[in-house]
Amino acid sequence: MPTTLDTTRFGTYGGTFAPETLMAPLFELDREWKRWTNDAAFQAELADLLANFAGRPTALTHAKRLSKELGCELWLKREDLLHTGAHKLNNTLGQCLLAQRMGKRRVVAETGAGQHGVASATACALLGLECVVYMGSVDAARQRMNVLRMELLGATVRVVEHGQKTLKDAINEAMRAWVADPTETHYALGSVLGPHPFPSIVAGFQEVIGREARKEFHARTGKLPDVVVACVGGGSNAIGIFRPFLPDAAVELVGVEAGGLGVGKGQQHAARFAGGEPGVLHGCYTYLLQDDDGQIRPTHSISAGLDYPAVGPEHAMLHDEQRARYAWATDDEALRGFEVLAEREGILCALESAHAVGWVLRERAELAGKRVLVNLSGRGDKDLDTIAAARRAKDGA
Ligand SMILES: *Cc1c(COP(=O)(O)O)cnc(C)c1O
């Protein structure tokens, strides 16, 4: 056993800002993750699950009608077609397989939109692991079908009534449950967040998106995209598609955060780069939304999956290095993105992904003539109640 934890950082970001009780399980996880991700049989089993259970590779769709309308060449990486409806399953299959190899009997997870909870419950059912999912009561109310899905898959859903009753509070509870029983339990974190090694583990399992997309795009067009766009909650679908394009200096990378009701002073949003600054949350140093006293600021987004006050540390590094650019789209722009994609291309995308589409619509002048690849991180079935309510509010009914 190493005497110090690998302090892998992303530039000055990331790290391990964790209480003493968390250090031993983090050591173990760091060691085991490195061992198993270099194991050929582990990789072969994961590849088999991704192909024959989850449905990879996912399609790359040329959005022809919208391309014509916008005057750019728009392509969509279809993570919405993955089993359970979002990219989350890439990560949970990897982490649950890892948990099994580590001899764990139980997986705890947190969830915001419910997608990571559903993906965790799914992977646990498949691999015969017990699953407990923590979810803020606000999120549980706005995503009640996902609560039912998790329960049908055999998971226990623990509703969290602390704090803002959303994702941040669910992460606190899941970490507590992990520390209480680290011998039997693995904590499957749902995005590129938290103390090392989580941001690296999750990014490693999500890179498959970008590897496929880069290869497919080149095979179909003979070129690489000019711009790759993805929504950024914690940042896992974005890192997943960005990473394989990092060496391609000509490919511009754009992360779209939740602009909520607007990013002006006094308005609520979850645009960490537009309105935040570096600090520590959930074990990691990164950009976050905090007030002058260092207290975490309340966030708002129409999509539960983007409603989080911090962003993955790898994004913080890419931001400061200016290798990636971070923009935002408001709730209204996301709704417009959702509607346009539905009507022009026959795809009901997740409200998270709709932020990336909304940004493309807004920036159409800048994108004219360019090859634009958007990561469609998930499908919109889970959001239909929210969308119906927003449309009613707009109609003033
Ligand atoms: C969870 C989720 C997100 C946000 O998480 P990232 O880690 O930023 O990818 C985005 N889109 C969908 C569909 C999600 O379910």
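The values are calculated or read from the model by the stated rules, or taken from the named source; none is laboratory data. Owing to the predicted nature of the structure, the values given are computational and were not obtained by experimental measurement. Glycine also receives a Cβ, built like all others from the backbone with ideal geometry; neighbour counts cover every protein chain displayed. SASA here: full protein model, heavy atoms, side chains in, ligands and nucleic acids out. Shrake-Rupley method; radii C 1.70, N 1.55, O 1.52, S 1.80 Å.
Here residue 130 meets each of (1) of a type in the set (Asp, Glu); (2) crowded, with 24+ Cβ neighbours inside 10 Å; (3) away from the ligand (no atom under 16 Å from the Cβ) with one exception, condition (2). A count restricted to the range 188-211 and to residues that are within 14 Å of residue 242 (Cβ to Cβ), part of a helix (DSSP H, G or I) and within 16 Å of the ligand (Cβ to nearest atom) stands at 9.
Name the one entry in 89, 76 that is closer than 30 Å to residue 300 by Cα and not in a helix (DSSP H, G or I). Give the steps one after another, and end with the answer.
On the way: 89 fails: not in a helix (DSSP H, G or I).
Selected residue: 76, the only one of 89, 76 that is closer than 30 Å to residue 300 by Cα and not in a helix (DSSP H, G or I).
If we scan the range 172-187, do we find a residue that is within 15 Å of the chain's Cα centre (by Cα) and not polar (S, T, N, Q)? Steps first, please.
Taking the range 172-187 first, the residues within 15 Å of the chain's Cα centre (by Cα) are none.
Looking through the range 172-187, none of the residues is within 15 Å of the chain's Cα centre (by Cα) and not polar (S, T, N, Q).
The set of residues in the range 238-261 that are in contact (Cβ under 8 Å) with a residue 40 or more places away in the chain and open to solvent by 10 Å² or more (accessible area, probe 1.4 Å) comprises 243, 246, 252, 261. As for the range 232-249, it holds no residue that is within 15 Å of the ligand (Cβ to nearest atom), of a type in the set (Gly, Ala, Ser) and assigned to a strand (DSSP E or B). Against the list (1) within 13 Å of the ligand (Cβ to nearest atom); (2) acidic (Asp, Glu); (3) open to solvent by 40 Å² or more (accessible area, probe 1.4 Å), the condition residue 79 fails is (3).
Quick one: is residue 158 touching a residue at least 12 places away in the same chain (Cβ under 8 Å) and either open to solvent by less than 10 Å² (accessible area, probe 1.4 Å) or more than 22 Å from residue 130 (Cα to Cα) (or both)?
Values: touching a residue at least 12 places away in the same chain (Cβ under 8 Å): yes; either open to solvent by less than 10 Å² (accessible area, probe 1.4 Å) or more than 22 Å from residue 130 (Cα to Cα) (or both): no.
So residue 158 fails the test.
So is residue 56 more than 24 Å from the chain's Cα centre (by Cα) and not small (Gly, Ala, Ser) or not? So residue 56 fails the test. Among the residues of the range 7-30, are any under 17 Å from the mean Cα position of the chain (by Cα) and part of a helix (DSSP H, G or I)? Within the range 7-30, none of the residues are under 17 Å from the mean Cα position of the chain (by Cα) and part of a helix (DSSP H, G or I). Please find, among 259, 264, the residue that is of a type outside the set (A, V, I, L, M), in a loop (DSSP other than H, G, I, E, B) and under 29 Å from residue 394 (Cβ atoms). Answer to the selection: 264.
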